[in-house]
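Rule-based calculations on the coordinates, nothing more; no lab input. Being a predicted model, the structure only gives us computed values, none of them experimental. Positions of Cβ are generated from backbone atoms using ideal geometry, with glycine treated the same way; all protein chains shown enter the neighbour counts.
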């Protein structure tokens, strides 16, 4: 116990035939690993032979306040008990015990109203009210968390190992307050394993001083599992962080992560594109964002290789949105879409689906070196505006040398047909001379090929899928 005169330490000592009195219980105090004081514990009763297992002797010592005058310090109290009474063989052996305690200026407030909700297969959305704490430290584990406190003076950085087998999955200033039905602040998304059961504890932090208590959501949070054989990327990466700076690759059915963003301009953006009542598979996690806001020629592309190459019938699906400064102007020099790629490095473009270059807003198909197909009766316009989110589906059928494309607007009132035979494509491109290589990956690309006062402001991609049938995408 701490009192105005210092720190009082008490305990018990015992031996089979009693304890030798005098100086047989020596204490030493360390402050941040340096010895600052030492002494002998007082024993009651203070007689040789006292302190049996049946009736232990009491120990006490008082440490002066001047030895404790270090705030935000870590202290270790060590006691060495030695038996000197020669009442049995092996006397003069010592037993050492240590106790660690901390002194802080003022503990950080405890965060409150902690919630956690799964967001698909590999993300959990957390909220809390940080209160007056400068930051929060969030511990995570796939097992129930046993850690009830953090060590003052120790710096817990994001992605560090935490106490008791946990991981620091977040450290920062986010807070999320709901008052009178109005929300203010930021929720926090964290990446977790697919199909996992997750536990969280949230501590307040003022530098390396932490709250003595913690907040936690009610119970565990379980994420969903991908279907067997599903090939999908939901961009379950940390939002507001560049794609190239994100952690391990997520999704299923891929060979490694995304590559090719040489200028590091692609960002992970919070929430999803809209899918409305289209019956497109529910979007989860985040989306991929590019915000060039450019009136100069510019482009971006990023590639991901498939875990299994595809030489047969192949379907792709993805969500996209792009915005220009004036949608009423011609958009001929702009393009946005997904390409099927071949080659060992997935660096040979075979088929492009999306908003094609050389046309105003038209959706269509391009086969490099062979030609393109853009429907005109009627055409399908991919508008370059906020909330004009589209679901694009593409098919390559090598058996009949035919490419098909579908496009669905999130604001449509008619859902996407669930049966392939009930879904007429907007574009069909057949050519007996097609020489499409084995598909080894996919590429997302967008750009503006000439300077233009009608700027390309932003591009989004979401929910990228690959499969062998309509149902799989």
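Miscellaneous remarks
- Most tightly packed first, judged by the mean number of other beta-carbon atoms within 10 Å of their residues, the peptides 441-450, 221-230 read 441-450, 221-230.
- Cα point-scatterer Debye curve for the chain, base-10 log of I(q)/I(0) at q = 0.06, 0.09, 0.11, 0.12 Å⁻¹: -0.44, -0.72, -0.92, -1.04
- Residue order, fewest to most beta carbons within 10 Å, for 287, 401, 305, 355: 401, 305, 287, 355
- Kirkwood-based shape ratio for region 371-413, expressed as Rg/Rh from alpha carbons: 1.04
- Relative contact order of the chain, pairs being alpha-carbon contacts under 8 Å that are 6 or more residues apart, as %: 13
- Look at the alpha carbon pairs under 8 Å that are at least 6 residues apart: their mean separation over the length of region 209-328 gives a relative contact order of 24 percent.
- Gap separating the Cα centres of region 426-455 and region 308-327, nearest whole Å: 9
- Spread over its residues, the convex hull of the C-alpha atoms of region 246-336 is 169 Å³ per residue.
- Normalised radius of gyration (Cα atoms, divided by 2.2 N^0.38 Å) for region 353-472: 1.11.
- Pairs of Cα atoms nearer than 8 Å and 6+ residues apart set the relative contact order; for region 127-187 it is 41 percent.
- Overall dimensions of region 336-413 as given by Cα atoms, namely Rg and Dmax in Å: 13.3, 42
- Principal semi-axes of the equivalent ellipsoid, √(5λ) from the alpha carbon gyration tensor of region 14-64, are 25, 10, 9 Å from largest down.
- Summarised as an ellipsoid, region 159-282 has semi-axes of 28, 20, 18 Å, derived from the eigenvalues of the Cα gyration tensor scaled by 5 and square-rooted, with the largest first.
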